[in-house]
Amino acid sequence: MDLKERYNRQLILPEIGEEGQARLQQARVLIVGVGGLGSPIALYLTGAGVGTIGLIDDDVVSESNLQRQVLYNEKEVGLSKAEKAREHLQALNSHVCIKAYPERLTAENAEAIIGQYDLVLDGCDNFATRYLINDTCVRLGKVYIYGAIRAFDGQVSVFNYQGGPDYRRLFPDEEEMYRMPHPPKGVLGVTPGLIGCAEANEALKIIVGYGEVLSGKLWQIDLKTLETFTILI
């Protein structure tokens, strides 16, 4: 396959070009959770030609996932998300190295896994994993791209980027976060799609070096009104 033709539409962007494409090829990113958020993150970073993409998720595909987790299909219910995602992504772009970790990110394996990557993207759905990602990234000097959703709302930020704030600046009281009531599980399918794409965009900006990175800021969107808000952290 002619790689210049494959990536033509982004190569002709002056912000990317051949130098930016080479940076993408050399980049190594880890996606923690390959569900509603992780699906669009993985699809677009694979399509863009990010050289190495790690996928960590211990879950299996369930029927209720299919409304928003667009990497999977009905025949894959009950199968490993990490493994099936790897298959689909490798078929999308054979020039990208996709690594699957069909396990949960834990305090025991976090440093060994995260240490292999430049950026970590948040596709998870719980505070404990986010604090674990954050603290590991701080210790190892890695960038953490955060995304979270609820129903029709979502938010994105970038932590530990060039001396910028980390997740604990935004949510300093870990125990209080654990005491918060769990929100309803309902979510519009496009909500994680939009937020996952925003996370992927932050990764591309950091890797290639274009635009303004969401470090020190929290970007939020309400999909009912399409109102957006950006607050300083």
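Any read-out appearing in this document is the output of simple, stated calculations on the displayed coordinates, not a laboratory observation. Keep in mind the model is a prediction, meaning the values are calculated, not measured. FYI the Cβ positions are ideal-geometry reconstructions off the backbone, even for glycines, and counts take in every protein chain you see.
Of all residues in the stretch 165-175, exactly one satisfies the criterion of being in contact (Cβ under 8 Å) with a residue 60 or more places away in the chain and part of a loop (DSSP other than H, G, I, E, B), namely P165. Taking the stretch 1-45 as the range and being in contact with a Lys or Arg (Cβ under 6 Å, 6 or more places away or on another chain) and either hydrophobic (A, V, I, L, M, F, W, C) or in a helix (DSSP H, G or I) (or both) as the test, only V34 passes.
The single condition among (1) over 21 Å from V190 (Cα atoms); (2) surrounded by 15 or more Cβ atoms within 10 Å (Cβ to Cβ); (3) not aromatic (F, W, Y) that I41 does not meet is (1).
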